[in-house]
Amino acid sequence: MNQVQLPFSTVITAEELKGFTHYEERKLSDMKGYFADEEARAAMEQSADQVVYQVYRVEVPPEEGELLHCLTVIQPGQVAGECFMTKGHYHLNEKCAEIYVGVKGKGVLLMQKGQEVRTIEMRENTAAYIPAGWGHRTINVSADQPFVFFSVWPGHSGYDYQRAVEEPFVKRVYLRPDGYEVK
Ligand code: S6P
Ligand code: ZN
């Protein structure tokens with residue numbers, strides 16, 4: 001039976017989602033195999049197991065008709081020049097789209113469907129639409145500021161992280177003296 005969902009609100013800030021009920025963080029040690037230079041990642045983890053990104057979310061039933069939402073904070077940093085990023089995933093339900101809204105900083109939203117790859121640069125107030133069926137990952141392209149964004153997606157989307165491992169994103173994002181490069 002569906003949980004009774006009463007109206008509620010949270011407050012989006014540049015640091016966290018005030019009123020969040022669940023917090024998750026991904027450190028360098030959780031990102032084994034995700035960066036191109038695995039040796040560099042392992043060496044960084046040994047010297048300091050930095051937080052790469054944090055996710056603040058509110059408990060909502062993961063069911064059709066509900067809207068899951070959260071705030072992601074990606075810290076500034078690079079592994080051998082490759083910018084800190086999320087693991088990235090597909091949604092199990094290929095009919096579920098997603099919306100990202102930039103809150104602070106500068107990021108790149110990388111999307112992939114088959115051989116097709118698209119990127120959207122995100123800043124504060126950018127509202128980006130991830131169509132159903134596209135794998136998605138976000139990358140912080142600032143040298144020194146966190147990249148923060150808010151996401152909303154259908155409750156029955158599900159997650160497929162394994163697919164993003166088996167069909168890895170074909171583009172990577174590197175910090176450059178004059179900005180960033182997607183290659
Ligand atoms: C969920 C949405 C985001 C990510 C978050 C962390 O559908 O796309 O909230 O979960 O940015 O990324 P990842 O790839 O570790 O889930
Ligand atoms: Zn998603």
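In the set (1) aliphatic (A, V, I, L, M); (2) within 11 Å of ligand 1 (Cβ to nearest atom); (3) within 12 Å of the chain's Cα centre (by Cα), VAL101 fails one condition alone, (2). Checking each residue in the range 100-151 for being among the charged types (D, E, K, R), assigned to a loop (DSSP other than H, G, I, E, B) and within 19 Å of LEU71 (Cβ to Cβ) picks out LYS106, ARG123, GLU124. Of all residues in the range 158-178 being among the charged types (D, E, K, R) and not in a loop (DSSP other than H, G, I, E, B), which is most open to solvent (accessible area, probe 1.4 Å)? Step by step, filter the range 158-178, then rank; the result is GLU166. Quick check, is GLU94 out of contact with any Lys or Arg (no Cβ under 8 Å at 6 or more places or on another chain), acidic (Asp, Glu) and within 14 Å of ligand 2 (Cβ to nearest atom)? Criteria met by GLU94. Would you confirm, using the coordinates I've provided, whether LEU6 is of a type in the set (A, V, I, L, M, F, W, C) and either assigned to a strand (DSSP E or B) or more than 21 Å from PRO168 (Cα to Cα) (or both)? In short, yes. Take the residues in the range 123-157 that are more than 10 Å from ligand 2 (Cβ to nearest atom) and of a type in the set (S, T, N, Q); name whichever of them is least open to solvent (accessible area, probe 1.4 Å). Among them, the one singled out is ASN140.
Figure legend. Inter-residue proximity from the range 127-145: first residues on the phi > 0 side of the Ramachandran plot and away from ligand 1 (no atom under 15 Å from the Cβ), second residues open to solvent by 10 Å² or more (accessible area, probe 1.4 Å) and modelled with pLDDT under 95, beta-carbon distance below 8 Å, spacing 6+ or different chains. No pairs are indicated.
The values are calculated or read from the model by the stated rules, or taken from the named source; none is laboratory data. Because the structure is predicted, anything quoted here is derived from the model rather than measured. When we count neighbours, we look across all protein chains shown, and the Cβ atoms used for this are built from the backbone with ideal geometry, even at glycine. Note: accessible area is taken over every heavy atom of the protein model, side chains too, but ligands, DNA and RNA are not part of it. Shrake-Rupley method; radii C 1.70, N 1.55, O 1.52, S 1.80 Å.
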